[in-house]
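The values are calculated or read from the model by the stated rules, or taken from the named source; none is laboratory data. Fair warning: this is a prediction, and the values are worked out from it, not measured in the lab. Don't worry about glycine lacking a Cβ; one is built from the backbone with ideal geometry, like all the others, and counts go over all protein chains shown. Heavy atoms of the whole protein, side chains included, go into the accessibility calculation; ligands, DNA and RNA do not. Shrake-Rupley method; radii C 1.70, N 1.55, O 1.52, S 1.80 Å.
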Amino acid sequence: MSFINLFFLYFLPILSIPIIIHLLGRRRFKKVEFSSLKFLQNLEKDVIRKLKLRQILLLIIRTLILLLIILFFARPFWNKKSSGLIINKGETLYILLDNSHSNGELLQGQTLLAHQENKLYDLSDNINFPIILKIITTSNPDEMVNFGKVTQFEYEDAIKNHLIEHNKCKLITSLDNVLKDFEKSNELSSSIWIMSDFQNFTTESHLLSNTINKFENKRIRIVFFPDLKIRSNTVIKKITFPKQIIETGKNITLKTNIENWGKQKETPISLFFENERVVQTIIDIPDKQSKTEEFEFTPDKPGIFTGKFQIGSDNLSSDNERFFVLNIPKSINILIVNNANTETHFIEKALLAGNSSLINTHFITPAILSTENFNNYDILLFYNIDKLHKSHVNKISAFQESGKGIILIPGADCIPKNFNTFWADELGFPKWQDTKTSNNDNFLEIGTINSDHPMFTGIWTDKIKLFSSPKFFTIPYFLTGKNHKVIMSYNNNIPLLFEMNNENKKGLLFTGSISSGWSDLQLTGFFPIILQRMSLYLTNCINLSQFDIGDTLYYKSQFQLDNKIILKTPDGRKFTPAYDEKNHQYFFSETSQPGIYNLFSASKLEKSFAVNIPSAELLNDFANLEDLQKITNNSKHTGINIDDDLTLTTQKQFNIFLLILVLLLSIIETYIGRINLKTHKN
């Protein structure tokens with residue numbers, strides 16, 4: 001049993017008043033001397049016994065009447081399901097309101113968030129004001145709004161008109177912040193009401209259960225209000241670019257995955273490229289299933305391009321679009337770092353063969369590398385360099401993290417130990433284990449080739465007929481790590497070409513060298529083909545870097561640019577991003593809208609960012625009451641369907657019963673009192 005107005009229980013000591021009166025009011029007889037007892041009426045023993053019993057009964061009835069009156073005002077209730085719904089005067093109520101993307105779905109003309117706010121309004125009947133009110137919106141869990149002591153009017157005003165934000169629901173972080181506030185405030189007793197659709201429950205149920213266990217020994221009750229309405233929504237979950245080399249005038253393949261939460265089946269889908277619809281079709285997706293569609297289109301010029309997939313309108317329109325950015329460079333600028341001019345000449349000649357208008361090269365020695373601005377290049381090619389000064393590690397890593405690539409080719413001047421210390425240990429390239437040398441009569445050739453790799457797709461099968469394999473006389477043997485992928489091997493299966501299998505860092509290690517005595521690579525037609533394909537792959541192969549709402553956007557720049565940097569948001573607002581001198585990058589964190597964010601330097605477009613709804617908000621994975629009851633493991637925490645009648649009618653019925661008991665006991669007390677009075681008179 002619980003009470004709405006605990007304050008009235010402080011009046012329980014009043015129950016001692018009838019007992020005190022009874023003890024003080026017992027009849028005291030004066031001692032009177034009689035000459036004879038013959039005039040006294042004989043009293044029967046049973047009459048005296050009945051009189052005493054009625055007096056004790058009156059004492060009990062009067063005490064019960066006072067107890068029932070106190071209970072009436074304390075408003076007792078017995079309802080295990082809704083015990084957490086009662087907020088007593090002066091208690092603290094924490095409301096966790098889910099204003100994430102998925103709660104923006106329209107049902108019956110209002111969002112799920114608005115529906116939850118209406119339920120909070122109805123629940124005000126279960127609150128004995130004033131109370132202390134604190135609200136957290138789960139999209140911004142670190143921003144708890146403390147309204148202090150509120151009246152019913154102030155409470156109803158505080159729970160209205162919250163805005164949907166398209167980022168992820170951070171329920172666990174919100175609960176952690178409530179616990180910190182509860183412990184800091186030294187609250188005696190509090191309640192937490194969680195209004196949410198509990199999306200992504202399968203992934204987060206274990207974490208949520210662990211978080212709830214932290215409240216085990218606290219005087220705090222948690223009530224979950226899952227919204228169990230049937231969802232009707234179709235979402236674009238993701239866009240993928242199969243690895244490919246993008247060239248002007250050639251087809252580009254894109255894939256998109258679409259999921260049907262329920263009800264809707266057929267939906268139109270369109271691909272837009274630079275705001276122009278290039279492909280449109282209609283797909284049929286069964287309820288609660290997903291489907292991947294593949295599209296092709298042909299770009300007719302180089303540059304930075306933006307696009308999106310769009311599906312038909314439904315109850316949640318903001319996830320009907322998903323954006324991407326495509327970069328087809330007008331030129332490829334390659335910085336060649338090498339000590340020898342002669343071998344550099346072979347490399348430059350191979351890179352420029354047949355593509356002089358696309359590839360630009362610049363040669364420097366390691367001694368002046370620190371003076372070079374890497375922002376001017378798309379690829380760094382290090383030939384016959386086993387180590388650099390340690391200060392270059394961060395600079396090269398930042399270059400890779402900005403989406404650009406490195407080609408690494410060892411040579412005769414390289415010492416494996418130095419190579420491993422710098423390139424393997426610091427930058428993640430394969431470790432150099434051994435070197436094997438043969439004579440002119442004993443050599444290796446190209447063996448296995450991954451013909452499905454984008455570097456060789458569509459060109460290698462034809463080209464192999466035109467060129468014989470180079471001869472390799474000195475073979476460096478490198479170990480394959482978990483972040484390395486072998487693309488090409490010698491004919492004895494020793495790896496010849498490695499790719500760094502890391503989405504954030506692009507790099508290729510080609511172990512065949514043009515150093516004297518190592519191979520005749522520079523004399524074959526294979527050398528320009530492999531160098532150009534590696535360059536095209538690192539520059540054009542899309543590693544789709546989409547961002548989620550709430551993410552911070554970064555633009556790597558070794559120096560703070562003199563030209564004014566402007567970032568334009570999807571709705572046309574303009575901001576100047578801050579510059580981080582320590583990490584050599586501009587950054588912008590106010591990504592609250594899905595769409596394309598463009599960064600300009602002196603009015604020139606430098607980079608575009610695609611920002612989309614977080615994938616966790618696109619999952620058709622919502623908790624039900626049974627799921628929530630399993631993770632509570634505590635009777636004081638409970639889950640209630642938000643569409644249930646949340647008012648406590650049992651309270652009123654209980655109070656009426658108490659009132660009837662008081663009246664009946666009063667009648668009985670009056671009747672017994674009159675009988676005793678007659679007995680005394682007699």
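Restricting to DSSP loop positions (anything but H, G, I, E, B) with no more than 14 other Cβ atoms inside 10 Å of their own Cβ, which trypsin sites (Lys or Arg not before Pro) remain in the stretch 119-177? Don't skip to the answer; put the middle values down first.
On the way: sites: K119, K134, K149, K160, K168, K170; in loops: K160, K168, K170.
Those satisfying the criteria are K160.
In a DSSP loop and with at most 11 other Cβ atoms within 10 Å, the trypsin sites (Lys or Arg not before Pro) in the stretch 555-633 are K564, R573, K582. Sparse packing (at most 12 other Cβ atoms within 10 Å of the Cβ) combined with a DSSP loop state is found for the following trypsin sites (Lys or Arg not before Pro) in the stretch 267-317: K288. The calculated Kirkwood hydrodynamic radius for the chain is 32.0 Å, given to one decimal from all distinct C-alpha pairs. Proximity of backbone amide H atoms, modeled 1.01 Å from N, is registered between F429 and A424 at under 5 Å, excluding neighbours fewer than 5 places apart on the same chain. In the context of the full set of protein chains, residues of the chain present 51 Å² of accessible surface per residue (probe radius 1.4 Å, heavy atoms only).
Classify the stretch 583-639: rounded, prolate or oblate, from the alpha-carbon gyration tensor (a ≥ b ≥ c, eigenvalue square roots; a/c under 1.5 rounded; otherwise prolate if a/b is larger than b/c)? All intermediate terms of the calculation are to be shown ahead of the outcome.
Numbers: a/c = 5.68, a/b = 3.23, b/c = 1.76.
It is prolate, given that a/c is not under 1.5 and a/b is the larger ratio.
Please go through the residue pairs K301/K556; K505/K604; K238/K387; K170/K395; K237/K564; K308/K387 and name each one whose alpha carbons sit more than 32 Å apart in this structure.
Numbers: K301/K556 26 Å; K505/K604 26 Å; K238/K387 40 Å; K170/K395 35 Å; K237/K564 36 Å; K308/K387 43 Å.
The pairs that break the limit, which is 32 Å between Cα atoms, are K238/K387; K170/K395; K237/K564; K308/K387.
Using a Förster distance of 45 Å, how high is the FRET efficiency between H362 and T202, based on the Cβ-Cβ distance and rounded to 0.05? Before the final figure, lay out each step's value.
On the way: r = 52 Å, r/R0 = 1.17.
The calculated FRET efficiency here is 0.30.
Where a ≥ b ≥ c are the square roots of the eigenvalues of the C-alpha gyration tensor, would you call the stretch 483-628 rounded, which needs a/c under 1.5, or, failing that, prolate if a/b is larger than b/c, or oblate? Since a/c reaches 1.5 but b/c is at least a/b, the shape of the stretch 483-628 is classed as oblate. If both residues of a DSSP beta bridge must be in the chain, then about 65% of such bridges are antiparallel.
For G262, the residues whose amide H sits under 5 Å from its own are N233, K288, ignoring neighbours fewer than 5 places away on the same chain, with H placed 1.01 Å from N. Between N442 and E581, the modelled labels are 6.0 nm apart [label points 7 Å from Cα along Cα→Cβ].
Between D300 and D452, what is the FRET efficiency for a Förster distance of 22 Å, r being their Cβ-Cβ separation, to the nearest 0.05? Don't skip to the end; give the middle numbers.
Values: r = 27 Å, r/R0 = 1.23.
The formula returns an efficiency of 0.25 here.
Does the stretch 218-345 classify as rounded, prolate or oblate by the C-alpha gyration tensor (a ≥ b ≥ c root eigenvalues; a/c under 1.5 gives rounded; else a/b over b/c gives prolate, otherwise oblate)? Oblate, because a/c is 1.5 or more while a/b does not exceed b/c. Full extension of the segment from A353 to N327, taken as 0.36 nm per residue of separation minus the current Cα-Cα distance, would add 7.0 nm. A simple rule links phi to the HN-Hα coupling: the Karplus curve 6.51 cos²θ - 1.76 cosθ + 1.60 with θ = phi - 60°, which for the stretch 107-119 gives 9, 6, x, 9, 6, 4, 5, 5, 4, 5, 5, 5, 5 Hz, with x for Gly and Pro. The slack in the chain from T480 to Q593, taken as 0.36 nm per residue of separation less the alpha-carbon distance, amounts to 36.5 nm.
If a paramagnetic tag sat 7 Å from the Cα of S615 along the Cα-Cβ line, which residues of the stretch 245-265 would have the backbone N under 14 Å from that point? Correct set: 256-259. Spin-label model, N502/T371: points 7 Å from Cα along the beta carbon direction are separated by 3.0 nm.
A cut-off of 5 Å between modelled amide H atoms, ignoring neighbours fewer than 5 places along the same chain, links N501 with H484, K485.
Net charge dipole, the chain: roughly 4500 debye, given to the nearest 20, about the Cα centre with Cβ charges of +1 for Lys and Arg and -1 for Asp and Glu.
Across the accessible surface of the chain, with the other protein chains kept in place and a 1.4 Å probe, carbon and sulfur atoms take up 52 percent.
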